[in-house]
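**Q** The structure that follows is given in the form of structure tokens.
The values are calculated or read from the model by the stated rules, or taken from the named source; none is laboratory data. Keep in mind the model is a prediction, meaning the values are calculated, not measured. Note that we place each Cβ from the backbone using ideal geometry, even for glycine, and neighbour counts take in every protein chain shown.
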Amino acid sequence: MSSSTLEVTHVTRRYGAGATEVVAVRDVSMTVAPGEIVLIMGPSGSGKTTLLSMLGALLRPSGGTISLNGTPISELPEGRLPKVRLHKFGFVFQDFNLLSSLSALENVAIVAQLAGAGPRRARERARDLLIEFGLGDRLAFLPEKLSGGEKQRVAIARALVNEPPLILADEPTANLDSKIGHEIMRLLRRVAKEQGRSVVIVSHDQRIKEIADRVLWLEDGQFKEMVTMAEDPVCKMAVEREKAADRLEHAGVTYYFCSRGCRKEFEADPARYLLPERTLQGASV
Amino acid sequence: MSLAFHNLLKERLRFVLSIAGVALAVMLILILKAFLAGMNRQITSYLDHAPGSFVVAQQGVGNLLGATSILPLGAQASVEAEPGVTEAVPILSQFLILEFHEKKQPVYLVGYLPESGGGPWRITEGRAPDADDEVVFDQVLARRHDIALGDHLEILGDDFTVVGLSEGTTSWMTSFVFLRLSAAERLLRAPGLRSFLLVSVEEGTPLEPIRARLSGLPGMDALLLEEMKANDLRLFARIFSAPLRLMVGIAFLIGVMVVGMVIYTATVERQREYGVLKAVGAPNHVLYQVVGVQALLASASGALLGVLLAYAAGQLIMAVRPQFLLSVEASDILRAVGLGIVMALIAALVPARLLARLEPAAVFRR
Amino acid sequence: MNRLAIRNLVQSKRVVLISVGGVTLALLLMLTLDAIFTGVERQITAYVDFSGADIWVSQESVRNLHMTTSSLPAGVAERVGEVGGVAEAVPILYLSNMIVTGEDRHLAYVIGLPPDASMGGPWRLAEGRPLSGSGQAIIDRSVAEGSGTSVGDEVEILGRALEVVGLAEGTASLVNSVAFIAAEDFAQLRGGGEAVSFVLVRVAVGAETASEVAARIETEVEGVTALPRAEFAAEERRVVRDMSTDVVTIMNLVGFLIGLAVMALSVYVATLSRRSEFGVLKALGAKTSDLNRVVILQSLLSVGIGFVLAAALTFALSMIIPSLSANLTLRLSAASLLKVAAASVVIAGAAALMPVRQIARLDPAMVFRGK
């Protein structure tokens, strides 16, 4: 996967016309690489939802293009979109949006079936995913019997069952308490890093910054600030590159630190803090 | 009160649907009643226009349109001899089955004396029969089977010419065919046979004593026109009452269900609002009122619409099938509207109970 | 998708109850009305079917028993009896009249039988014995029961008091019944001279069919119509059928429209209430046709269940009612079932039309707009 998964080029979205025209998203561009987690934050009404809708081919831009793995999805005719939605995107919602009359297993299987899998294969895949997410004994439960965290895990399993290259999440932790929210975040990160999928998250939740690779700030339909996250090699804290207290270049790589203290420690003994992998490995979800 | 209005009007679609449900049920009930009322009118039409105050029939026969009636020979003379009787118009009548265009058509044949009466009361085209091979035919039946003045008909093997078309002489079951008394005697191979006498009395004479005397004559019974009409109506009511009541019951149930479903779903979707009201301290009966008013509004408008639809449907049916008479009577309208309201109130019961059991704290549960 | 359709139905029990209930009632309306008329048709031919005649001979161009009259001159019975192929010819008198039992008056077809008639009389006696002479009558058992009359009591027929000597089984319908008296009593009371109404014929055992013999009778005897029993019965049934076609059609239409309205309403409301879930499915990549399948399947299932229930109920009614009510029979015919089944399919399809349009117009972006 050498090319970027998602390319957003000068995308604009207008509503209404003339005097009542509203520009929800104004000339927005971004790219997301495979395995990258991008967090889009911003105040209410900033256009985050509109942007996410366009990324997921639920809405057509008024101008500009959105391409996924080279295919300009914003230009596809309506008839081709269902297939794209099934195979190219996985959606995770704030309200979970599970089908209330289907069990956890069926909720995931139905999406696989829509994509063409036979009923048995669909259920097998669904089962595997759900067991992997620790829901092995909840397969037959209806959503009303599942906790918030469990529902979101079902939703994520549903988002993954057709192996899409891009996961889109809208406030995935908003309805979950702190501990569960953490778990979901880590699950999303695992999905991105271990499976090489791009993840775009729209959220108010500051804690998501911890797992994000980049943070984009959307205000009045435009990206105002770009923030890239890095990990302080000494204390392992998530640090915004642009706002890092201190930084240091070592052997051609720039490292960012939460404080001068950490930088000094690093300087004293770099080899000690340099690890082959730079992934957050939290407790298993 | 205003909340009820607000709820209903905001959800215009639901309002429309609940009205539709009541309208449908009310329309059905009214149409059934109209059908019955129209049929009753048709059943009594002959006696409505018959001359005289009594009908003398064979002893034991109380219907015009039921059993065959056979008066003893000389009945007419005996009756006319009774003091107070001014005239006894004889008719010879018989149910027959004719066939037109391969369809069996029951008719009620009436042989009468054109100079005395007992025949068609309104001839829209042509004239009364002058000869024994002439008949007066009902105009609706004539139109249905493409029969015109001058056409020939075969009845029991004899040939007749249609010389007149009558109005008001049909029903969906049967139609009247009129011919001269002598022609009927010949056709039925019953010379001198009489079925009924239409008896007129001197003005001002009390009817009951004469009736008793006439009934006392051997082999005869005398009935007031109203009595005979009532007997005919009762006979047909017996046949149709069960199926009709079944259908009215079904219509009612359907109305309840439709309105109930609509109001129920409306209430469920508004649970949060009602919960808030409760949390703020509104007592249950206020909420019942809201639901009840919704139901009443829907039912009142629905009933009104149902009446209009019933009338329109009746006109349509009569235009397409003129042998049917559907008369929407005022009393039936009132009753149907009343039923519509009852329907809606019953339908509101379940949602009301739902509200009663609502926990205000549910409001805060996200 | 099928599973979703079924699960959705199972989940919204109240809506399903109402939609299935409403459709069942509407279809029940259609089926029971058909069954009532079919039942009447059947009852009406009981006398013709069971009185033992192979051929019915009537006045020329008279092809019915009910609601008509037939008059044959005296001597016709002998002439018919001489026609080749006729084993026996029994003349009967027939008149629609009232019989009076106690305080009650009943509409009845009064049959006047010659002595020792081998045909034309009651085919099953619940009580008592056959007619043996003047002054006697046999009336229907249920009519007798209804007015508290028993064997040995008096009834008034054609103006005269006669003794009930027997009670017949199977001779009553919703509207009237059959009563049997001696022909001589009949003739006296009616004053019709020597005329008879019908001649009942039994065909000689041999190679000839009833139709062949009937045709010969018509050729050889003047002024008569001769019909084999089956044909005569068919003509009788046609009276009911032709008379009731329009009413049945109208009521069928009404039932159909009601079923359609209830179904359309239910499916619409059901789809409406699941709008957001359908929107989610669309956002996840379901095609409009996938979602339509769910709606159509739901519609078909509901109507299908309604049809089965309505048919079962009608069948149950046809079993129960005869034991309850006097002489009202219901008969569920294959033709009626087929017709109502076809109507059900149309209802299911039409009811899904509006929701299908709704789904097509669903904007998947609505998943984000909150509830």
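**Q** Can you pull out every residue in region A:213-239 that is touching a Lys or Arg at 6+ places or on another chain (Cβ under 8 Å), of a type in the set (D, E, K, R) and under 17 Å from A:Ile37 (Cβ atoms)?
**A** Hit for region A:213-239 is A:Glu231, nothing else.
**Q** Is it the case that region A:79-91 has a residue that's away from chain C (no Cβ under 11 Å) and either more than 30 Å from A:Ala24 (Cα to Cα) or out of contact with any His (no Cβ under 8 Å at 6 or more places or on another chain) (or both)?
**A** Narrowing region A:79-91 to residues away from chain C (no Cβ under 11 Å): none.
No, that holds for no residue.
**Q** Shifting gears a bit: Of all the residues that make up region C:10-55, how many are farther than 24 Å from C:Val203 by Cα and among the hydroxyl-bearing types (Ser, Thr, Tyr)? Break it down into steps so the answer makes sense when it comes.
**A** Our first condition is that a residue be farther than 24 Å from C:Val203 by Cα; within region C:10-55, this holds for C:10-43.
Checking the rest, the ones that are also among the hydroxyl-bearing types (Ser, Thr, Tyr) come to C:12, C:19, C:24, C:32, C:38.
Of the residues in region C:10-55, 5 are farther than 24 Å from C:Val203 by Cα and among the hydroxyl-bearing types (Ser, Thr, Tyr).
**Q** Being of a type in the set (Gly, Ala, Ser) and loosely packed, with under 14 Cβ neighbours inside 10 Å, is that true of even one residue in region A:52-62?
**A** Within region A:52-62, the subset of a type in the set (Gly, Ala, Ser) is A:53, A:56-57, A:62.
The next check asks that each one be loosely packed, with under 14 Cβ neighbours inside 10 Å; those that pass are none.
No, region A:52-62 has no match at all.
**Q** Let me ask something additional. Keeping to region B:219-250, report how many residues are under 30 Å from B:Ile341 (Cβ atoms) and facing another protein chain (nearest Cβ under 8 Å). Even if it seems obvious, please write down each step before you answer.
**A** Our first condition is that a residue be under 30 Å from B:Ile341 (Cβ atoms); within region B:219-250, this holds for B:233, B:237, B:240-250.
Remaining after also requiring facing another protein chain (nearest Cβ under 8 Å): B:242-243, B:246-247, B:250.
Counting residues in region B:219-250 that are under 30 Å from B:Ile341 (Cβ atoms) and facing another protein chain (nearest Cβ under 8 Å) gives 5.
**Q** Here are C:Ala187, C:Ala207, C:Ala195: which of them is at pLDDT below 90 and within 11 Å of chain B (Cβ to nearest Cβ)? Before you say what the answer is, go through the steps one by one.
**A** On the way: C:Ala187 fails: within 11 Å of chain B (Cβ to nearest Cβ); C:Ala207 fails: within 11 Å of chain B (Cβ to nearest Cβ).
The unique qualifying residue is C:Ala195.
Residue-by-condition table, conditions (1) closer than 30 Å to B:Gly249 by Cα; (2) more than 14 Å from chain A (Cβ to nearest Cβ); (3) surrounded by 21 or more Cβ atoms within 10 Å (Cβ to Cβ):
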{"position": "C:Asn2", "(1), (2), (3)": "no, no, no"}
{"position": "C:Arg7", "(1), (2), (3)": "no, no, no"}
{"position": "C:Ser19", "(1), (2), (3)": "yes, yes, yes"}
{"position": "C:Gly22", "(1), (2), (3)": "yes, yes, yes"}
{"position": "C:Leu25", "(1), (2), (3)": "yes, yes, yes"}
{"position": "C:Leu31", "(1), (2), (3)": "yes, yes, yes"}
{"position": "C:Phe50", "(1), (2), (3)": "no, yes, no"}
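**Q** Continuing with the same structure: Return yes when B:Ala190 is crowded, with 18+ Cβ neighbours inside 10 Å and not hydroxyl-bearing (Ser, Thr, Tyr) and no when it is not.
**A** Values: crowded, with 18+ Cβ neighbours inside 10 Å: yes; not hydroxyl-bearing (Ser, Thr, Tyr): yes.
The answer is yes for B:Ala190.
**Q** Go through region C:252-286 and count every residue that is at pLDDT 85 or above and facing another protein chain (nearest Cβ under 7 Å).
**A** Residues flagged as at pLDDT 85 or above and facing another protein chain (nearest Cβ under 7 Å) within region C:252-286 amount to 6.
**Q** Let me ask you something else. Taking only region C:170-182 into account, find how many residues are in contact with a Phe, Trp or Tyr (Cβ under 8 Å, 6 or more places away or on another chain) and not in a strand (DSSP E or B). Step through it out loud before you land on a result.
**A** At the first step, the residues of region C:170-182 found to be in contact with a Phe, Trp or Tyr (Cβ under 8 Å, 6 or more places away or on another chain) are C:170-171, C:176-179.
Filter once more, so that each one left must be not in a strand (DSSP E or B): C:170-171, C:176.
Count: 3.
**Q** Moving to a separate point now. I need the full set of residues from region C:283-334 which are in contact with a Pro (Cβ under 9 Å, 6 or more places away or on another chain) and charged (D, E, K, R), in order please.
**A** C:Lys287, C:Asp290
**Q** Still on this structure: For region C:241-263, which positions are more than 16 Å from B:Leu316 (Cα to Cα) and in contact with a Lys or Arg (Cβ under 6 Å, 6 or more places away or on another chain)?
**A** Listed by number, the list holds a single entry, C:Asp242.
**Q** Go through region C:49-76 and give me each residue that's touching a Lys or Arg at 6+ places or on another chain (Cβ under 7 Å) and either closer than 28 Å to B:Val177 by Cα or basic (Lys, Arg) (or both).
**A** If the condition is that a residue be touching a Lys or Arg at 6+ places or on another chain (Cβ under 7 Å) and either closer than 28 Å to B:Val177 by Cα or basic (Lys, Arg) (or both), then C:Trp56, C:Ser71 are the ones that fit.
**Q** Specify the residue that is surrounded by the fewest Cβ atoms within 10 Å (Cβ to Cβ); the eligible residues are those in region A:200-235 that are over 17 Å from the mean Cα position of the chain (by Cα) and modelled with pLDDT of 85 or more.
**A** Going through the qualifying residues, I end up with A:Cys235.
**Q** Report, ordered by the first and then the second residue, all pairs with beta carbons closer than 6 Å, sequence separation of six or more or different chains, a first member in region B:263-291 that is more than 14 Å from chain C (Cβ to nearest Cβ) and modelled with pLDDT of 70 or more, and a second member that is part of a loop (DSSP other than H, G, I, E, B) and exposed (fewer than 15 other Cβ atoms within 10 Å of the Cβ).
**A** Note: no pairs meet the criteria.
Residues are listed down the side, and each one gets a yes or a no for (1) modelled with pLDDT of 90 or more; (2) in a strand (DSSP E or B):
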{"site": "C:Ser58", "(1), (2)": "yes, yes"}
{"site": "C:Arg63", "(1), (2)": "yes, no"}
{"site": "C:Ile92", "(1), (2)": "yes, yes"}
{"site": "C:Leu95", "(1), (2)": "no, yes"}
{"site": "C:Ile99", "(1), (2)": "no, yes"}
{"site": "C:Leu107", "(1), (2)": "no, yes"}
{"site": "C:Pro130", "(1), (2)": "yes, no"}
